[in-house]
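The values are calculated or read from the model by the stated rules, or taken from the named source; none is laboratory data. A quick note: this is a predicted structure, and the numbers were derived from the prediction, not measured. All Cβ positions, even for glycine, are placed from backbone atoms using ideal geometry, and neighbour counts span all protein chains on display.
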Amino acid sequence: MRAIAVALSGLVAALPIILGTAASALINVGALDTPGSAACVEVVGDLAYVADGNSGLRVIDVSNPTSPVALGGIDMVGDARGLAVVGNLAYWVKGYPGLLVVDVSNPNSPVQIGVLNTPGEANAVEVVGTLAYVADGSHGLSIIDVSDPALPI
């Protein structure tokens, strides 16, 4: 059995793709430079969603791990730090303003549909059901209702 793992380097803006059956057998089978500094990745099916620092959110086709292909992205002011993908929505955090909701149903052209300024500096996000849990820096945990993704509260 072979496992696929995706690893990020904080110093190099690249998405390496690694295959192996044990830690000692890991090999780098592919990579793709991104325009920013990759901070977080979530893979859903054949797509990798990357929080890419000052370059926002990137969508990458990883169906062929040896030749990943950049599909689309959305640039926003700020530092993209973390993300969670649920269905056709990507929830990503970027310090300030906090939580952004992006429609990724067309991976070639993601569109921001919602935003909420959190009281702290948003660093990570996890979405369960209709709630987004945001690691909000010195303000601790912010829990946000995303039942209407266009109007998170």
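Which residues, taken from region 84-97, are buried (at least 19 other Cβ atoms within 10 Å of the Cβ) and hydroxyl-bearing (Ser, Thr, Tyr)? Correct list: TYR91 only. In this structure, does SER24 turn out to be in a loop (DSSP other than H, G, I, E, B), exposed (fewer than 13 other Cβ atoms within 10 Å of the Cβ) and either over 14 Å from the mean Cα position of the chain (by Cα) or modelled with pLDDT of 95 or more (or both)? It is false that SER24 is in a loop (DSSP other than H, G, I, E, B), exposed (fewer than 13 other Cβ atoms within 10 Å of the Cβ) and either over 14 Å from the mean Cα position of the chain (by Cα) or modelled with pLDDT of 95 or more (or both). Of the residues making up region 67-97, those that are of a type in the set (Val, Ile, Thr) and in contact (Cβ under 8 Å) with a residue 40 or more places away in the chain are VAL85, VAL86, VAL93.
Is there a residue being at pLDDT 90 or above, crowded, with 21+ Cβ neighbours inside 10 Å and touching a Ser or Thr at 6+ places or on another chain (Cβ under 8 Å) anywhere in region 68-83? Yes, there is a match, as at least one residue in region 68-83 is at pLDDT 90 or above, crowded, with 21+ Cβ neighbours inside 10 Å and touching a Ser or Thr at 6+ places or on another chain (Cβ under 8 Å). The set of residues in region 99-109 being under 22 Å from LEU131 (Cβ atoms) and either surrounded by 13 or more Cβ atoms within 10 Å (Cβ to Cβ) or touching a Ser or Thr at 6+ places or on another chain (Cβ under 6 Å) (or both) consists of LEU99, LEU100, VAL101, VAL102, ASP103, VAL104. Each residue in region 131-153 was checked for being exposed (fewer than 13 other Cβ atoms within 10 Å of the Cβ) and of a type in the set (S, T, N, Q), and 2 pass.
For ALA124, state whether it is crowded, with 22+ Cβ neighbours inside 10 Å, in contact with a Lys or Arg (Cβ under 9 Å, 6 or more places away or on another chain) and of a type outside the set (Asp, Glu). So ALA124 does not fit the description; no.
Of the residues making up region 35-57, those that are among the acidic types (Asp, Glu), free of Cβ contacts under 8 Å to residues at least 40 places away in the same chain and surrounded by 17 or more Cβ atoms within 10 Å (Cβ to Cβ) number 1. Contact annotation: no residue pair with Cβ atoms under 9 Å, 6 or more positions apart or on different chains, pairs a residue in region 126-153 that is over 16 Å from VAL102 (Cβ atoms) with a partner that is assigned to a helix (DSSP H, G or I).
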